[in-house]
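Beneath this line is the structure, given in structure tokens, with notes to follow.
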């Protein structure tokens with residue numbers, strides 16, 4: 001029997017399956033099996049691919065659509081490995097993940113969850129910065145992504161993923177079940193997992209009412225754990241604040257600018273590329289790119305528009321409401337930074353389906369303001385030095401003039 005079973009749920013994501021499977025087959029640790037769970041896909045291409053899918057160490061389990069939690073449970077029920085790794089069909093793991101995670105689980109019998117550092121790719125490319133694990137942080141928010149290793153025996157003991165988590169966070173609830181059993185958590189300090197941000201997805205966030213429903217369910221299933229650490233929740237309520245920033249592309253389809261006609265992306269200081277899908281908009285007349293919703297010091301390396309035919313247009317004109325523009329660096333002293341793209345007129349926009357922005361955030365929020373204030377002080381200092389230099393120059397001219405005048409008078413006296 002294999003040591004590791006990699007479970008890949010798939011619902012209408014056939015175009016990504018090979019990438020996920022390839023990333024597993026490229027692992028240095030070879031004692032594994034791959035189980036793809038076709039969770040009632042309705043996409044013909046996905047069903048054709050998985051109907052006769054032939055890859056090394058891989059088998060396909062086909063079921064009616066039951067949702068992500070059930071799909072994972074169905075795959076694990078059919079698995080033979082001692083250790084389980086869930087992997088969504090559109091994500092990837094990097095070489096070495098299996099080997100290093102198995103080594104931890106074999107060495108430390110009390111460890112029940114092993115994960116690693118991660119990166120985002122696709123519509124957003126950046127490191128996925130997650131805080132270091134602690135029980136206190138885990139009780140406030142999920143800080144362990146879905147593709148972490150666990151023991152199949154623990155899955156059996158807890159009853160697996162809760163199918164009632166219909167709006168997501170089924171992995172969060174499951175991690176809490178393992179932690180409640182006294183299992184320890186280990187993070188491998190290397191980036192070995194890549195999470196895809198889809199080009200047609202909005203900011204990675206649920207509706208507020210969905211969050212309330214899911215967290216209520218999590219609390220009811222783990223009341224003892226939360227009650228034992230109620231001080232963590234009190235601290236979180238007292239210090240509550242937004243934890244991420246949003247970049248947004250506003251699309252004017254003849255009715256002006258509004259949040260309803262826009263595409264948002266979660267961004268962080270390390271974000272390097274943002275991809276906006278425009279294929280769902282009709283009659284576009286103008287675009288406005290708001291790089292982030294706070295003060296910012298940044299550089300825009302390039303903006304590329306892609307047409308339906310696959311042609312790429314690199315934009316050369318970018319206008320903005322930045323306070324300063326310094327050799328490609330933009331300094332915004334407003335919490336509503338705006339960039340305008342005059343080259344994309346109404347005629348050109350009829351052909352555009354995607355916009356890619358490559359950038360670098362050098363400072364955000366209060367740190368950005370500190371940079372701007374420092375630059376203003378530098379400017380004032382230079383202006384002061386320039387005025388002083390001008391006064392010295394004028395004084396020197398007067399002195400020289402006075403000397404020349406005195407010499408002339410002496411000559412006349414002689």
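Starting from the alpha-carbon convex hull of the range 245-364, give the projected area averaged over all orientations, in nm². Averaged projected hull area, Cα only: 6.8 nm². Taking a point 7 Å out from the Cα of residue 45 in the direction of its Cβ, the residues of the range 71-96 whose backbone N falls within less than 16 Å of it are 89-91.
Counting 0.36 nm for each residue step from residue 31 to residue 57 and taking away their Cα separation leaves a gain of 8.4 nm.
By the helix-only formula, in which each DSSP H run with n ≥ 4 contributes -39500 (n - 2.57) and the sum is divided by residues, the chain has a 222 nm mean residue ellipticity of -11000 deg cm²/dmol. Sequence-distant contacts, meaning Cα pairs under 8 Å at least 6 residues apart, place the relative contact order of the range 309-361 at 31 percent.
DSSP assigns beta bridges within the chain; of those with both partners inside it, close to 65 percent run antiparallel. Taking all Cα pairs closer than 8 Å and separated by 6 or more residues, the relative contact order of the range 297-389 comes to 37 percent.
Packing, as the average of other Cβ atoms within 10 Å across residues, places the peptides 84-91, 30-37, 251-258 in the order 84-91, 30-37, 251-258, highest first.
Starting from the Cα-Cα distance between residue 65 and residue 308, subtract it from 0.36 nm times their residue separation and give me the gain in nm to one decimal. Numbers along the way, then the final one.
Details: separation 243, 0.36 × 243 = 87.48 nm, distance 3.27 nm.
Full-extension gain reported as 84.2 nm.
On a 0 to 90° scale, report how tilted helix 170-180 is relative to the longest principal axis of the chain, with both axes built from alpha carbons and the result rounded to the nearest 10. Tilt of helix 170-180: around 70 degrees. Tell me, rounded to the nearest percent, the portion of alpha carbon pairs in the range 42-84 spaced more than 17 Å apart. More than 17 Å apart: 43 percent of the Cα pairs in the range 42-84. Checking (i) 43; (ii) 57; (iii) 54 against percent of Cα pairs over 29 Å apart calculated from these atoms, the matching label is (ii).
The simple spin-label model puts a point 7 Å past each Cα toward its Cβ; for residue 317 and residue 219 those points are separated by 5.5 nm. Estimated from the Cβ-Cβ distance and a Förster radius of 22 angstrom, the FRET efficiency linking residue 108 and residue 78 is about 0.20.
FRET efficiency for the pair residue 180 and residue 121, taken as 1/(1 + (r/R0)^6) with r the Cβ-Cβ distance and R0 = 35 Å, rounds to 0.60.
Relative intensity of the range 4-238 on a log10 scale, I(q)/I(0) at q = 0.10, 0.13, 0.15, 0.17 Å⁻¹, equals -0.45, -0.79, -1.08, -1.41, per a Debye sum over C-alpha point scatterers of equal strength in the absence of solvent. Computed from the C-beta positions of residue 324 and residue 210 and an R0 of 41 Å, the FRET efficiency is 0.50 to the nearest 0.05.
Seen against the Cα atoms of the chain and their longest principal axis, helix 68-77 is set at about 50 degrees. Site pair residue 229 and residue 334 shows an inter-label distance of 4.3 nm when each label is modelled 7 Å from Cα along Cα→Cβ. Quick one: helix 97-107 against the long Cα principal axis of the chain, what's the angle to the nearest 10°, folded into 0 to 90? Roughly 60 degrees between the two axes. Highest average first, the peptides 337-348, 187-198, 171-182 ordered by how many other beta carbon atoms sit within 10 Å of their residues are 171-182, 187-198, 337-348. Size descriptors for the range 126-168 (Cα atoms only): Rg and Dmax, in that order, 12.8, 37 Å.
Over the chain, what relative contact order in percent results from Cα pairs under 8 Å that are six or more residues apart? Can you show the working numbers first?
Working: 746 pairs, mean separation 52.5, N = 414.
Worked out over the chain, it gives 13 percent.
Just so you know, all these numbers are worked out from the coordinates, no wet-lab data involved. What you see is a predicted model, and the numbers here were worked out from it, not measured in a lab. Using ideal geometry, Cβ is built from the backbone for each residue, glycine included, and neighbour counts are taken over all protein chains shown.
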